[in-house]
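Data first, discussion second: the structure below is written as structure tokens.
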Amino acid sequence: MYSQNADSVRSAADSLHESGMQAAGDYQLDLARFHLSQEIGMRELISDTNGLVDALSGLSWVLILSSQYDSALTTSERGLALAARFMGREDTLTARLEGLVGKAYGGLNKYKEAMEHLKASLLIRLAALGTKHRRVADAYYDLGVYEFQFAHFDDAIVELSSAASIYTEIDSLESARSWQWIAASWGAKGRLSMMDSAVLKSIDIARAAVGDSSPELIPFYGFAGQLYAGLGFEEKALGYRSNAMELAELSGSPWWLALSMSDLASTYFELGELEKADSLASRALEVFTEVFGEEGPRVWAYYSLLGEIRMKEGKTDDGLNLLSKAVENLRNLPEGSHPQILASTLDDLATGYREKGNYAEAVRNYDEALSVWEKCPVGTGFGVAETMDGLGATYLKAGNPGKALAYFEASVQINEKNYALAPLSLAKGYTHLSQAEKALGQDSVALIHASMAADVFEQSSLRVGTEYRKAYAEKHSEIYENYIDLLMASGRFEEAFEVVERSKLKRLKASLEEGSMALGEDSLKQKLNFANELSLEEGIIAEQLLAEKSKDTLEQAPERIASLSKILAETKAEFFKVVSEIKTEPDYAFAVTVDPVLFASLRQELPEGQKLLMAYPSEKKLYLFLVSDSNYEARSIDISRDSVSRLVAQCRYLCFDKGLRLIAYQNISLWNWNSPDSAFYEREVKPLKDVLTKLYDLLIEPFEASLENSRIVTFIPSSELYYIPFGALAYEKEGNLHFLSEKINWNLLTSAELLKCIQRRSDWPADKPDTLLVVGNPLGANLPESQIEAQAIDSEYPGSILLLGENATEPEVTDKSKNIKFLHIASHCRLNSTSPWESYIQLSSTAESDGRWTATEISGEEWRRMQLVTLSACETAIGSDKPGLEWESMAKAFSLAMEGPPSIVATLWPVADESTRDFMISFYGYLKTMSKSEALRRAQSDLIHSSKYSHPFFWAPFILIGEWR
């Protein structure tokens, strides 16, 4: 009777085990835990030791999946003790329990204990099963994944490679999964080319195993997307996540469909495409809750993402409601489940309340997040630091800088210990710390921390792939801005000027790395590439060394520290050797180091009569610097960057868009600056007059007296200010409107570094255009008036060369321009703000060339005599998130190609053919006897005073970049 009853209980226990493991496979962890706990009770009732050990093993796995590591450790250690006693230390079930104990310790962030048990599991399996068994591969895989978790990336690659090798003969999908983690390890080391190769290998293996359209590929594309997104490479993530979603839609699985849509929404969110992000996140939540219900597993992730998107869209109440639902869902999980995610979501909710201005509720949620972080065993440092930073920001906004300072200091202390793994967090922490110190009147220490923030930020960019450093620099520009704000407020204008220049050079260098510019001769290109590789390698090794040193003393590996220190010293020495060789070519030094022009040396080398006017809009102020050989002045104007951007946009709209409309409706003949009584004047003239005088008052009036006796005013703008038609800035005198181009010679520089490039070549003779190449109306440009313009200029210079239509090809232009001093191109110049080095001049295509003469290609030219390039009828992309960088890149491209001092004449918007023809003919006429800046100013003045072309649409877009003489 007892035997029959025991058999019945065992059968029921077997059913519970099967149900529990099935539920775990479906990620129904609460149900799995319930079934397996009941099974354990039954196994104990009938003293079924083998079954009990198996049940404890299963429950341990579920508890680990639930992030309940304390319970998992207790359960797995109990199972291990039973297995070792009744099955023996060499049994494979004992090996499995050793592995589970190791994973539980890993979850509790105990490296030594985790490795001890995971390695014990591997050794037992090797002895019992040999070197080619699947369970041995599993042990290598687990060991590699946890080595990765503890940032031992080299060890992880070794263990995972062993796993992949064994799986290759047994299970291709598991081999592919091993390659995923190998890819993640290479990515964490900063070896992005190796990461790319491993990602592709993983997906290729999986595709070969299951086909191109199998739903089993979804997690592989998803992992790749998560990997690139985690490193900030959202564009690459987009491709992989789009592939995952396509397959998910075909799979019929609501789980995969919801997850793939959510991942894709996250990428669009990071890319700033909020409408797409909202649509996908909403659909994902709908699909998920329709199948799994409002309390379904992981539903909090969908509420949280949609909540963040709604907050970013300005739908604050919706966002807070969704984040609150996510928090509520997480709180309803069994105690200890996903504590990190609960803490992080509470942090997001608190941030939402802070942005809404509800500081009390923000503090309450941040405090709760801190209490939850205390219960989190893994990765709590970063989370605690972020929450403390959020508390500091809340108190600072609420007007309590003293309390803010305390939280910022605590956050920074944590991030300093974890500098190797989160340098950007530390840079931002120093920035926030300096803001609180400034509010408390501690200006000197605030400046120290602002300077440290800039230094750490530049180090952090080394771990970002060169393809993404430009976007990275733009996204975190507030670090530089805070430093500049503090320097200006402290009256340290010279240093502020240098930091502005430093931030501009950082952008240009990042853009260069992204664009793979064709710089210099082959030997120089090799040195530049080698220097960039060494720079990245140095940053990676330094990170590993700091990570090792930041461990507890007992966990440090002295031999690893010594080895890394030696490698780092050797790498640094090699880097500085290569850089010193590159710096013998000063025009290329910016490609490897960011050395801003020193203010004092700049002043010493300025020619008499030249004045530099640098304009830099920060978040809340516009900073102006006026520099000459004998003096300097600085001004701080109370106007925000957004307000400056609106003024620039309004100026361009009224000059170009409204001007174009007036031409289309044949109303341009009514234009008159001095007819205040007409309706046309009130509707059309006055708005443009107002914005031009406002810009004059902002940028020129503060230094008006100092500019009166200038031989040349050189503007060095930043951001949207690149797109201002400086010659059209206007002032009223004795009832009449006057323009800057009527009284002052001016030119534009993209940076003071370009000025240094010009000064290095100052002994070059400023010749007149005795040799001129004129290129006009290439095929596809559709610019008939440009052809007339080109022919007219050609007729003025008997020694010129004329290339029109199908003859205006890239091979012809590059060949004919080798010994030319002046190059005039009457075609389109397409400026690309997204990829500046892909900006191009349109020429006729051939079988060998696509008709796009890019900035990358231009930089590789060798013009021994070229001094001026005129780009007539340019077009530019305006309003990007990186304004002005395309001009910086194009100007740098020409400066590298020209052996003489570089000059470019270009336009800020598409111009009318007839007026451009007249302008260019006048310009080249004046150029015979005048400097470039004087010739441009006179040609503009001719149109200003003409009856037909007085509207700024016709004459204001022409600018001179570079050498003005």
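Ordered by solvent-accessible area of protein heavy atoms (1.4 Å probe), largest first, the residues Glu77, Glu785, Glu734 come out as Glu734, Glu77, Glu785.
Of the chymotrypsin sites (Phe, Trp or Tyr not before Pro) found in the range 210-281, none is in coil by DSSP with at most 12 other Cβ atoms within 10 Å of its Cβ.
When ligands, DNA and RNA are left out and all protein chains stay put, how many square angstrom of accessible area per residue does the range 607-748 have with a 1.4 Å probe?
Values: 6110 Å² over 142 residues.
Per-residue accessible area for the range 607-748 comes out at 43 Å².
Annotation: the range 607-748 has a Kirkwood hydrodynamic radius of 16.2 angstrom, from the mean reciprocal C-alpha pair distance.
Using every pair of distinct Cα positions in the range 213-293, the Kirkwood expression returns a hydrodynamic radius of 12.3 angstrom.
List the GluC sites (Glu not before Pro) within the range 815-857 that fall in a DSSP loop (any state other than H, G, I, E or B) and whose Cβ has at most 16 other Cβ atoms within 10 Å.
Details: sites: Glu838, Glu848, Glu857; in loops: Glu848.
Here the sparse-neighbourhood loop sites are Glu848.
What a 1.4 Å probe finds exposed on the range 607-748 is 44% carbon and sulfur by accessible area, rounded to a whole percent.
A probe of 1.4 angstrom, applied to the heavy atoms of all protein chains, finds Lys658 with accessible area near 40 square angstrom. Using a simple spin-label model with pseudo-atoms 7 Å out from Cα toward Cβ, Ser193 and Asn321 lie 5.3 nm apart.
Which chymotrypsin sites (Phe, Trp or Tyr not before Pro) from the range 623-702 combine a DSSP loop assignment with at most 11 other Cβ atoms within 10 Å?
Details: sites: Tyr623, Phe625, Tyr632, Tyr653, Phe656, Tyr665, Trp671, Trp673, Phe680, Tyr681, Tyr696; in loops: Tyr665, Trp671, Trp673.
Listed in order of number, the matching sites are Tyr665.
Can you give the extra length, in nm with one decimal, that the chain gains between Glu478 and Lys276 once fully stretched, where that is 0.36 nm per residue apart less the Cα-Cα distance?
Working: separation 202, 0.36 × 202 = 72.72 nm, distance 2.71 nm.
Value of the extension gain: 70.0 nm.
Among the listed pairs Lys103/Lys428; Lys276/Lys403; Lys312/Lys621; Lys325/Lys356; Lys112/Lys132; Lys312/Lys694, those whose Cα-Cα separation exceeds 29 Å are Lys103/Lys428; Lys276/Lys403; Lys312/Lys694. Separation of the range 169-239 from the range 34-58 is 38 Å, based on Cα centroids. Per-atom-type breakdown for the range 28-146 gives carbon and sulfur 51% of the accessible area (1.4 Å probe, protein chains only).
The residues of the range 213-293 expose on average 42 square angstrom of accessible surface per residue, using a 1.4 Å probe on protein heavy atoms.
Apolar share of the accessible surface for the range 213-293: 51 percent from carbon plus sulfur atoms, 1.4 Å probe.
The values are calculated or read from the model by the stated rules, or taken from the named source; none is laboratory data. Nothing here was measured: the structure is a model prediction, and the numbers come from that model. Positions of Cβ are generated from backbone atoms using ideal geometry, with glycine treated the same way; all protein chains shown enter the neighbour counts. Please note that ligands, DNA and RNA were not included when accessible areas were found on the heavy atoms of the full protein model with its side chains. Shrake-Rupley method; radii C 1.70, N 1.55, O 1.52, S 1.80 Å.
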